[in-house]
Amino acid sequence: MSTLLALDTATEACSVALLHDGKVTSHYEVIPRLHAQKLLPMIQQLLSDAGTTLQAVEAIAFGRGPGAFTGVRIAIGVVQGLAFALDRPVLPVSNLAVLAQRALREHGARQVAAAIDARMDEVYWGCYRETDGEMRLVGCEAVLPPEAAALPGDASGDWFGAGTGWGYGERIGASLVGQDASMLPHAEDLLTLARFAWARGEAIPADQAQPVYLRDKVATPKSER
């Protein structure tokens, strides 16, 4: 693959990344509630800086959730609009996996418990292990109370906690070697995971792109569920 675009708006961070002719460039900003206004200009600037155009993009990867519902929908809408116009496939990538991949890149963590604050006193949760440079899911992703979050049953060795869900760290019964509760998904790591997915033939048509919320009732207060 020569040119791959990745974008993510599932959390407070808005980021885009581009692989073009073997070089990776990215732009990342923490801009709550400004994703819809900022995303397309960020994409255009990244393409311009790389000396290429949208027409050169062979596929578009995106953070498919879990995360903020509005943010995930923004990503889906933009990706589908671009992919339909360009007649290109898309690559959905878990935002929890992106967090784990960032922890590998920045902290060298090969086993990561990724957690995103899901509000309503819950966290989005997933555990990952590194295999050949790719953080792969162990078990399944879930949304649950912090007290119910746990490492895999066969967990051993050092585990690192990544993501805003670790703001509930004192309530999560997991033994860690370190954590970063301020970490948010970054499109550069989404791009890395998308390249693995592309190599496995996991690209799909744009109309099959679906958000993954993990939570069925997205707007009902916990007391009413």
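Remarks
- Here is how the number arises for the chain: DSSP H runs of 4 or more residues each give -39500 (n - 2.57), the sum is divided by the residue count, and the result at 222 nm is -8500 deg cm²/dmol.
- Sorted on the mean count of surrounding Cβ atoms within 10 Å across their residues, most packed first, peptides 94-103, 13-22 read 94-103, 13-22.
- Three-way shape label, the range 95-180, alpha-carbon gyration tensor, a/c 1.5: prolate
- Pairwise label distance in nanometres, Gln208 with Thr131, each label 7 Å out on the Cα-Cβ vector: 2.1 nm
- Between 0 and 90 degrees, the angle of helix 35-49 with respect to the longest Cα principal axis of the chain falls at about 50 degrees.
- Label-point gap, in nm, between Leu40 and Ala155 - each point 7 angstrom along Cα→Cβ: 4.3 nm
- Put a plus charge on the Cβ of each Lys and Arg, a minus charge on the Cβ of each Asp and Glu, and nothing anywhere else: the dipole of the chain about its Cα centre is then about 340 debye.
- In this calculation the C-beta distance from Arg200 to Cys140 is compared with R0 = 22 Å, giving a FRET efficiency of 0.70.
- ³J(HN,Hα), Karplus 6.51/-1.76/1.60, whole Hz, each residue of the range 78-92, x for Gly, Pro: 5, 4, 5, x, 5, 5, 5, 5, 8, 6, 10, x, 10, 10, x
- Extended-chain gain in nm, criterion 0.36 nm per residue less alpha-carbon gap, Phe69 and Thr25: 13.1 nm
- The Cα center of the range 106-126 and the Cα center of the range 132-200 differ in position by 4 Å.
Where a number appears in this text, it was derived from the coordinates with a stated rule and is not lab data. What you see is a predicted model; the values in this text were computed from it and never measured. Using ideal geometry, Cβ is built from the backbone for each residue, glycine included, and neighbour counts are taken over all protein chains shown.
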